[in-house]
Structure formats: structure tokens, C-alpha cells
Amino acid sequence: MHNDPQVLASEASQAIAEHDIALVLGSGWGQAAELVGETTHTLDATAIPGFHAAAVPGHHGTISSILTESGKRVLVLGARTHFYEGRGVRAVVHPIRTAAAAGCTQLVLTNGCGGLNENWA
């Protein structure tokens, strides 16, 4: 593995087709990707340089490519590393660097933190 995070992201992007938008789906949001468009490719994250197996429940451990009705390509990052997993900041930002190297110019981040108001469902 390379020490330079940009080189590693470039290598990872070569395993992924060119994309327009990166989408990070938080825990519990995985099925929302089906609403975006047609999934054309799904890769196991461990097959892509710098990515690791999913360590958190609710993460799929895959990287998917979705084609929207408008012809845009969306890179769905269902595999990522959290800082508390102990792999360091570079591992945390690697999926975003990879998305940029794959041509993504827009990024949508979601999370599954739930709500703080106990009266809400």
C-alpha cells in the first residue's frame, strides 16, 4: 500500500468507472440507493485498493454504480471507515478522495444517527 493518499485514491479510482456524483449512505439508508436509479455495477469494497471490510452494522461493504434517468453516474459508497475504528484519518477520507479521483464533482453525505426527541417515531 502506498503512503501517499492521493496515489492510493488514484489506484482505487482505476477500479471504478468515471462518475459524476458520490453518495455516502449512512447506516440504515442503504436501500435508498434503489430510488436513485438503476444499479449497473456492485463491487466488494475489499477488492478496491485502500478500502476495508465493513465493520459497522448497517454498512453494506460494497461500492455501487447507479445510472440515473438523466444519464448521470452516481458512486454509492456503502463501505467506509469511521475514525473510531482506529485506522486513522487517511482511511476515513479515502472514499472521498477516491470519488474525486473517479470524477465526482458533487458529494451527498447522509447519516443514520436517529432523532433526539423521544416523541418522534
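The values are calculated or read from the model by the stated rules, or taken from the named source; none is laboratory data. Predicted model, so just to flag it, every value in this text is computed and none were measured. Positions of Cβ are backbone-derived with ideal geometry, glycine not excepted, and every protein chain shown enters the neighbour counts. Please note that ligands, DNA and RNA were not included when accessible areas were found on the heavy atoms of the full protein model with its side chains. Shrake-Rupley method; radii C 1.70, N 1.55, O 1.52, S 1.80 Å.
One table, with the values for the structure above:
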| read-out | value |
| --- | --- |
| Where labels lie 7 Å past Cα in the beta-carbon direction, separation of THR42 and ASN3 in nm | 3.9 |
| Residue list for region 54-74, given a label point 7 angstrom along the Cα-to-Cβ vector of HIS82 and an amide N cut-off under 15 Å | 54-61 |
| For HIS19, residues with placed amide H under 5 Å, excluding near neighbours | GLY103, CYS104 |
| Rounded to 5, the percent of DSSP beta bridges in region 1-92 classed as antiparallel | 75 |
| Mean Cα-pair separation over length for the chain, i.e. relative contact order, pairs under 8 Å, 6 or more apart, % | 37 |
| Positive minus negative residues near LEU77 (Lys, Arg vs Asp, Glu; Cβ under 15 Å) | +1 |
| For the chain, accessible area per residue (1.4 Å probe, heavy atoms of protein chains only), Å² | 61 |
| Stokes-Einstein translational diffusion, region 31-85 - Kirkwood Rh over all Cα pairs, 1.002 mPa s, 20 °C, in µm²/s | 181 |
| Unit Cα scatterers, Debye sum, the chain: log10 I(q)/I(0) for q = 0.23 Å⁻¹ | -1.40 |
| Summed residue charge, Cβ within 15 Å of SER13's Cβ, Lys/Arg positive, Asp/Glu negative | -2 |
| Karplus (6.51, -1.76, 1.60) ³J(HN,Hα), θ = phi - 60°, over region 4-20, in Hz, Gly and Pro reported as x | 7, x, 5, 5, 4, 5, 5, 4, 5, 5, 5, 8, 10, 5, 5, 9, 9 |
